[in-house]
Amino acid sequence: MRSRERYELVFVDTAAPDPGAEDVVVVHRTESSGPGGHPVYVDDTGIVRAEISDRAEVRMIASGGHQVHAAAVSARPVS
């Protein structure tokens, strides 16, 4: 199955005052593969990097030192 070209990564801060608050970052597929063998997706800045499986399972990848990733992140396909 061919991987999707773009996803929205949805970050949810469970400690935020508004429990429904979310941050969304659009990422696009690169030619790289992550540690699980799935495509790596990046945002336009190259700072947000994630390996996304064909079942939309997300594994965040650090692009620099001292990054702490949100525990609650999901991927939504972009048409």
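The values are calculated or read from the model by the stated rules, or taken from the named source; none is laboratory data. A quick note: this is a predicted structure, and the numbers were derived from the prediction, not measured. Virtual Cβ from ideal backbone geometry, glycine too; neighbours counted across all protein chains shown. Heads up: the accessible areas ignore ligands, DNA and RNA and are worked out on the full protein's heavy atoms, side chains in. Shrake-Rupley method; radii C 1.70, N 1.55, O 1.52, S 1.80 Å.
A few notes on this one:
- Values of log10 I(q)/I(0), in the order q = 0.15, 0.33 Å⁻¹, for the stretch 16-55 under a Debye, Cα-only, solvent-free model: -0.44, -1.09
- Under 12 Å, Cβ to Cβ, from Val40 - net charge with Lys/Arg +1 and Asp/Glu -1: 0
- The chain: proportion of alpha-carbon pairs further apart than 19 angstrom, %: 33
- Heavy atoms of the protein chains alone define the surface here; on that basis the chain has 67 Å² accessible area per residue at 1.4 Å probe size.
- In loop segments of the stretch 1-66 as defined by DSSP, the trypsin sites (Lys or Arg not before Pro) with at most 13 further C-beta atoms inside 10 Å of their C-beta are Arg2, Arg55.
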